[in-house]
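Each remark here refers to the structure printed beneath this line.
Where a number appears in this text, it was derived from the coordinates with a stated rule and is not lab data. Remember, predicted model here, so these are calculated numbers, not experimental data. Note that we place each Cβ from the backbone using ideal geometry, even for glycine, and neighbour counts take in every protein chain shown.
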Amino acid sequence: MEEVFIHAQRDQNIHVNNDETISVGNDQTIGIVRDRTTSIGRDEAHTTGRDRKEQIRQDLFSTIDRNEIRKVGNTLQESINASHLVDIGENQTVVIEGVQSIEARTAVRTLTRTFVLQGTERILIRGPSGKIVLDASGITLDAPEIVLRGKVRVVTPSDAQSQAVEAAIRDGSPLIEECPLAKGATS
């Protein structure tokens, strides 16, 4: 038999009491002029041997009541012509094995109560006229000019000694340091 042709002038209803299997030896084409509704009572499994292409000429609405898990074996690329809005109810964790690069051509704004920026080896903040480097050797401010506005207080581990030296200079007292072994010490 070369072809089976079924033509219904109006409706066609197919009712199968148990299982239905359709096997197509080559291509299958389905054309629907208006709407299509599919209802699946339990699970759905879909396997495509090569590529899958999908084009939606208006909007895509997707509702997932629990989790969505995606695994991409290579590259995930998105191209968005307008805005990308994300609303997260709890936390977001991103782990990147390599480098993360963000290029915002106008501005980057972050608003939060607490902002923690941590680098295990070095933090570099670079601008058009200088940079700030935080590393194991300390903090380096590198700029043609550094302007500090407001009260500046320098606190060092030997802050008591520096205060004593500053007081002696201010009062005109001689700069004398007491020997730590002088009080009751024997040498």
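Please list 3J(HN,Hα) in residue order for region 71-86, calculated via the Karplus relation 6.51 cos²θ - 1.76 cosθ + 1.60 where θ = phi - 60°; whole Hz, with x for glycine and proline.
10, 10, x, 9, 9, 10, 10, 10, 10, 10, 7, 10, 8, 10, 10, 10
Taking region 123-171 as the region of interest, what is the percent of Cα-Cα pairs per 5 angstrom bin, listed from the shortest bin to the one with the maximum distance?
5, 15, 15, 17, 18, 13, 9, 6, 1
Rounded, prolate or oblate for region 94-145? Axes are the square roots of the Cα gyration tensor eigenvalues, ordered a ≥ b ≥ c, and the cut-off for rounded is a/c under 1.5.
oblate
Which is farthest toward the positive dipole end of region 1-129 among I6, T47, V94, measuring Cα position about the Cα centre, with Cβ charges +1 (Lys, Arg) and -1 (Asp, Glu)?
Farthest towards the positive pole: V94.
With charges set only on the Cβ (+1 for Lys and Arg, -1 for Asp and Glu), what does the dipole of region 123-171 come to about its Cα centre, in debye to the nearest 20?
240
Mind listing the Cα extents of the chain along all three principal axes, in Å, largest one first?
118, 44, 28
At 222 nm, what value in deg cm²/dmol follows for the chain if DSSP H runs of at least 4 each add -39500 (n - 2.57) and the sum is divided by all its residues, to the nearest 500?
Helices in the chain give a 222 nm mean residue ellipticity of -2000 deg cm²/dmol.
Evaluate E = 1/(1 + (r/R0)^6) for I132 and N67, where r is the Cβ-Cβ distance and R0 equals 41 Å; express this FRET efficiency to the nearest 0.05.
For R0 = 41 Å, the calculated efficiency reads 0.45.
Could you work out the equivalent-ellipsoid semi-axes for region 12-68, taking the square root of 5 times each eigenvalue of the Cα gyration tensor, largest first, in whole Å?
Sorted largest first and rounded, they come to 23, 19, 17 Å.
Relative to the first principal axis of the alpha-carbon coordinates of the chain, what is the inclination of helix 159-171, with its axis defined by its Cα atoms, in degrees from 0 to 90 and to the nearest 10?
Compared with the principal axis, the helix lies near 40 degrees.
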